[in-house]
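Everything on this sheet refers to the single structure shown next.
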Amino acid sequence: MYKKILVPIDGSELSYMAVAGAASFAKPLGAEVVVMTVIEPYSYTNLSEYRPESIDQYDSRVKDQARERLEKARTYFDRMGVPTVECSKKSFSPSEAIIDLCDELGCDLIFMASHGRKGLAAVLLGSETQKVLTHSKVPVMVFR
């Protein structure tokens, strides 16, 4: 049925719970999982502001954070015996990055958490999950 499942994570507790759900879903299917995270590029719009870190320091920090998120997810998939590929993408729009990667790699399902942020931040920033649901060409399984 599903052979390649894309699992986006953002480092939130719920996204790691979705990793566990995705592993349980993928294992009996014999599906491969592509676990991905989106790295927000350095914002050049406010260069006149004081910045506590340089562009290189920022890039290094966010790449390290992405690597840690992916390794944490990979460890769980490995324990469950689910073949996994790790991937990160730079984008100001996580939903677009998720959909683009899904298309690029030929994934046939997106398995993601219902939300990452909580409270007012989620309302103000909009739901990336909702955007993926609206624009994806493949089925999207939302983990709550």
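For every residue, the table says whether it meets (1) farther than 22 Å from ASP100 by Cβ; (2) touching a helix residue (DSSP H, G or I) at 6+ places or on another chain (Cβ under 9 Å); (3) in contact (Cβ under 8 Å) with a residue 24 or more places away in the chain.
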| site | (1), (2), (3) |
| --- | --- |
| ALA20 | yes, yes, yes |
| VAL33 | no, yes, yes |
| TYR42 | no, yes, no |
| ASP56 | yes, no, no |
| VAL62 | no, no, no |
| ARG69 | no, yes, yes |
| LYS72 | yes, yes, yes |
| THR75 | yes, no, no |
| VAL82 | yes, yes, yes |
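Please tell me if GLY81 is open to solvent by less than 60 Å² (accessible area, probe 1.4 Å), at pLDDT 95 or above and farther than 15 Å from MET141 by Cα. Yes.
Within region 54-88, the residues that satisfy the criterion of being over 12 Å from VAL35 (Cβ atoms) and not in a helix (DSSP H, G or I) are SER54, GLY81. Residues of region 40-56 that are at pLDDT below 75 and among the polar types (S, T, N, Q): THR45, ASN46, SER48.
Of all the criteria given as (1) open to solvent by 40 Å² or more (accessible area, probe 1.4 Å); (2) hydrophobic (A, V, I, L, M, F, W, C); (3) at pLDDT 95 or above, the one not satisfied by ALA97 is (1).
The values are calculated or read from the model by the stated rules, or taken from the named source; none is laboratory data. Being a predicted model, the structure only gives us computed values, none of them experimental. Using ideal geometry, Cβ is built from the backbone for each residue, glycine included, and neighbour counts are taken over all protein chains shown. Ligands, DNA and RNA are excluded from the accessible area calculation, which covers all protein heavy atoms including side chains. Shrake-Rupley method; radii C 1.70, N 1.55, O 1.52, S 1.80 Å.
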